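What follows is a single structure, written as structure tokens, with notes after it.
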Amino acid sequence: MKNKKVFFTTKWISYTAMTTAIVIATSFITHVPIPPFGNLYWCDAVIFLAAYLLDPLAAFITGGIGTFLYDVIHGNSAMMFASLIIHGLQAATVSALLHYVFPKKFKKLEPLWAGIASVVGGVVVIAGYFILRYYINGYELIACGYKAVANVIQEIVGMAIGIIICYATTFKIQLKKNNLLPDFRNEILVKKDIKQSNEEAAV
């Protein structure tokens, strides 16, 4: 799959499609009620995990398109574009901070960087839904506050599960060991780089 400037490998497309599908699937897992604040959804754990493993574009697709399609399937058309933007930005922010902003030389501190990036991503979700409810949907301030509590709990649970799976188990280590860890710097290739590599190979 390619456009005029970049080439998306089959591996990149497969990982992105798979994590997007898992976001949709986990969104259908029975929600945990948090009276009187709302419900706890499980998809954020997958969104955070995808952000730890994938590049910002793939992470945006996973979080944004995944929750967008869930809303479409669930018949919640009023929320689908909000989900696309909010959860897409959540995942892309975490991925961008972890892979591009925070220092690479302290590799052992990656779980810490992931936690900090997740907090920022969580703030994106909490603030995004607060703005949506208060300024667009016209909720009362106290109602927005109650709903925000549910969002806070959901983000804490989601980032905790994501970090545990990725860093407290051998999940990421096994992916890397078996050459299955996505290397997004080599999964999205600029066409001129491909041409240059081919020319070097020919020589």
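What is the sum of charges, Lys and Arg at +1 and Asp and Glu at -1, for the other residues whose Cβ falls under 11 Å from the Cβ of Arg133? Before the final figure, lay out each step's value.
Numbers: positive: Lys147; negative: Glu140.
Here the charged neighbours net out to 0.
Show Thr10, Thr19, Thr170 ordered by accessible area, largest first, where the area counts protein heavy atoms only and the probe is 1.4 Å. Walk me through the numbers on the way to the answer.
Values: Thr10 105, Thr19 20, Thr170 80 Å².
Highest to lowest solvent-accessible surface, that is Thr10, Thr170, Thr19.
Would you please name the chymotrypsin sites (Phe, Trp or Tyr not before Pro) within segment 104-141 that are DSSP coil residues with at most 14 other C-beta atoms within 10 Å of their C-beta? Working shown, then result.
Values: sites: Phe106, Trp113, Tyr129, Phe130, Tyr134, Tyr135, Tyr139; in loops: Phe106, Tyr139.
Sites meeting the loop and neighbour criteria: Phe106.
Per residue, what accessible area does segment 29-134 have, given a 1.4 Å probe and all protein chains present, in Å²?
On the way: 4710 Å² over 106 residues.
About 44 Å² of surface per residue is accessible.
Counting other C-beta atoms within 10 Å, and keeping those with at most 15, which DSSP coil chymotrypsin sites (Phe, Trp or Tyr not before Pro) do you find in segment 1-68? Let's see the in-between values first.
Details: sites: Phe7, Phe8, Trp12, Tyr15, Phe28, Phe37, Tyr41, Trp42, Phe48, Tyr52, Phe60, Phe68; in loops: Phe28, Phe37, Tyr41, Trp42.
Sites meeting the loop and neighbour criteria: Phe28.
Can you tell me the mean projection area, over all orientations, of the convex hull of segment 70-175's alpha carbons? Units nm², please.
The number I arrive at for segment 70-175 is 7.9 nm².
Membrane-span-like helices in the chain: DSSP H runs reaching 30 Å or more (Cα, own axis), mean Kyte hydropathy at least 1.6? Display every interim value, and only then the final one.
Values: long enough: 110-131 (31 Å, 1.67); 141-163 (32 Å, 1.46).
Membrane-span-like by this criterion, though nothing is claimed about a membrane: 110-131.
Counting pairs of Cα atoms in the chain, how many percent are more than 30 Å apart? Write out the running numbers ahead of the final one.
Numbers: 5254 of 20503 pairs.
For the chain, the share of Cα pairs beyond 30 Å comes to 26 percent.
On the full set of protein chains, 1.4 Å probe, figure out the accessible area of Met79 and give it in Å² to the nearest 10.
So the heavy atoms of Met79 present about 50 Å² to solvent.
Can you sort Ile86, Ile163 by solvent-accessible area, 1.4 Å probe, largest first? Working shown, then result.
Numbers: Ile86 15, Ile163 40 Å².
Ranked list, largest accessible area first: Ile163, Ile86.
The values are calculated or read from the model by the stated rules, or taken from the named source; none is laboratory data. For clarity, every value in this text was computed on a predicted model and none was experimentally measured. Glycine gets a Cβ as well: all are built from the backbone with ideal geometry, and neighbour counts include every protein chain shown. Remember, those area values only see protein heavy atoms, side chains included, never the ligands or the DNA or RNA. Shrake-Rupley method; radii C 1.70, N 1.55, O 1.52, S 1.80 Å.
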